[in-house]
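> Just passing along the structure, written as structure tokens.
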2 protein chains.
Amino acid sequence: MMVQQERAARTRQSLMRAAAEAFAEDGFVPTTLSTISRRAGVSNGALHFHFENKHDLARAVEAAAADTVRAITVAAEQRQDSALQRLIDATHALMNSLDEDAVVRAGFELVGTAPRRGETEATDLRGEWQHWIDMVLHTAKDNGELADGVSAAEACTAVVAATVGFEVLGIKDPKWVSRRTLSQYWELMLPRLASPERLPELVPHGPGPAAPAHTPHP
Amino acid sequence: MMVQQERAARTRQSLMRAAAEAFAEDGFVPTTLSTISRRAGVSNGALHFHFENKHDLARAVEAAAADTVRAITVAAEQRQDSALQRLIDATHALMNSLDEDAVVRAGFELVGTAPRRGETEATDLRGEWQHWIDMVLHTAKDNGELADGVSAAEACTAVVAATVGFEVLGIKDPKWVSRRTLSQYWELMLPRLASPERLPELVPHGPGPAAPAHTPHP
């Protein structure tokens, strides 16, 4: 029984991954359920056991992507005292997910796609992300972490726009969601956003060792 | 004869606008040529006189959007001595076009859409825009307009990402492509990007009188 449940969960995961990849490559509308089941290596019957139709699959992809984004913000919340560092860490984790996880990528892309845009049950991933950034920047402001004259609202506008830009540009070129690009972004932004007292303790490249600044010449 | 040519040009424009609006609302794939001709108020025959198929229309929309973007950068080049001010002015003009012109909006959106993404003849609007920003920021660097320690490349990454973010977010909420949002963005960024000597002469709200800072209470 356990074995069957595990197998069912694995099949569901494969179908969501196959759907995410097919939506990204061919678009939501032209993708058929047979394409998805073939790509996942499961029968049409197995697909229909898990998902009623394509919108049902899209909803599952969006919900899984939203779970990943929420797990990223929760992990960032637990890790750091500084609200600005939580923001830096969460953006790194999100870009890493966008780089590595087709489901997260598709989750963001589907929300903006015309046939899914009108869906009332669709998860508004960009909206949730924006809301979290707004909240963490207001905390930063309240804690005196922002530079004088910088409001949480204007910092939020700049950071939300840039991360959406990285996400969209990263679909065509993974360079945009690389750790190096995002580290350079924070190196540029932090001297403007952070109060001079807090700036020295902030780590633009997020958790883990720093990426090499330059690609070594062979 | 002149009258007929003018009428033909007007019909062509109406068809491109109708196509741009339909692509934005329903997506490229589900939109049919009959939907477009009906929306434009012309016959199917008239549509086929101007455009062979839907991809032909999409190419025309993309090309018209690219013309607008090029006109914006050319106008900015002519208007200002300062490279940074040219960049500010061009971003304002682009956001204004994205707000007001369905063809420009669709031109940017189509490039990122799966069925058009593979098109070799598609105009890479975001790529052209990125190239221009890169060029103008290198000029700013050469002219000593950038702050010490800020490279043209990292400034370009931040500005390109933010403008793509504004463009994409503006599809759902025009607030993101408003003059006020972009003015706030430049007010935040300029003290970091511009050299202290050049900063006082830069106008974050672009050409024309400043927009009111706050919506007046009724």
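The values are calculated or read from the model by the stated rules, or taken from the named source; none is laboratory data. Because the structure is predicted, anything quoted here is derived from the model rather than measured. Positions of Cβ are generated from backbone atoms using ideal geometry, with glycine treated the same way; all protein chains shown enter the neighbour counts.
> Go over the candidates B:ASP148, B:ASP89, B:ASP56, B:ASP81 one by one and state the one that is at pLDDT 95 or above and out of contact with any helix residue (DSSP H, G or I) (no Cβ under 6 Å at 6 or more places or on another chain). Steps first, please.
Values: B:ASP89 fails: out of contact with any helix residue (DSSP H, G or I) (no Cβ under 6 Å at 6 or more places or on another chain); B:ASP56 fails: at pLDDT 95 or above; B:ASP81 fails: at pLDDT 95 or above.
After applying the criteria, what remains is B:ASP148.
> Please verify whether segment A:183-204 includes one or more residues that are farther than 25 Å from B:GLY149 by Cβ, away from every other protein chain (no Cβ under 14 Å) and of a type in the set (D, E, K, R).
The answer is no; no qualifying residue exists.
> Just the residues that are of a type in the set (Gly, Ala, Ser) and within 13 Å of the chain's Cα centre (by Cα), please, taken from segment B:163-188.
If we filter segment B:163-188 for residues that are of a type in the set (Gly, Ala, Ser), which is where we start, we get B:165, B:170, B:178, B:183.
B:GLY165, B:GLY170, B:SER178 - these are the residues of segment B:163-188 that are of a type in the set (Gly, Ala, Ser) and within 13 Å of the chain's Cα centre (by Cα).
> Tell me which residues, restricted to segment B:30-70, are within 14 Å of chain A (Cβ to nearest Cβ), surrounded by fewer than 21 Cβ atoms within 10 Å (Cβ to Cβ) and not hydroxyl-bearing (Ser, Thr, Tyr).
Restricting attention to segment B:30-70, the residues satisfying the condition of being within 14 Å of chain A (Cβ to nearest Cβ) are B:30-32, B:35, B:54-55, B:58.
Retained after the next criterion (residues that are surrounded by fewer than 21 Cβ atoms within 10 Å (Cβ to Cβ)): B:30, B:32, B:35, B:54-55.
Across segment B:30-70, the qualifying residues are B:PRO30, B:LYS54, B:HIS55.
> Let me ask something else. Mind listing just one residue for me: the one in segment A:189-203 that is surrounded by 21 or more Cβ atoms within 10 Å (Cβ to Cβ) and part of a helix (DSSP H, G or I) and, of those, farthest from the chain's Cα centre (by Cα)?
Taking segment A:189-203 and keeping what is surrounded by 21 or more Cβ atoms within 10 Å (Cβ to Cβ), we get A:189, A:193-194.
When the remaining residues are screened for being part of a helix (DSSP H, G or I), the result is A:189, A:193.
Details: A:MET189: 20, A:LEU193: 23 Å.
Taking the candidates together, the pick is A:LEU193.
> Can you pull out the residues in segment A:137-153 that are among the small types (Gly, Ala, Ser), within 14 Å of another protein chain (Cβ to nearest Cβ) and part of a helix (DSSP H, G or I)?
A:ALA152, A:ALA153
> Here's another thing I want to ask about it. Which ones in segment A:18-29 are in a helix (DSSP H, G or I) and either at pLDDT below 95 or within 14 Å of chain B (Cβ to nearest Cβ) (or both)?
Across segment A:18-29, the qualifying residues are A:ALA19, A:ALA20, A:GLU21, A:ALA22, A:PHE23, A:ALA24, A:GLU25, A:ASP26.
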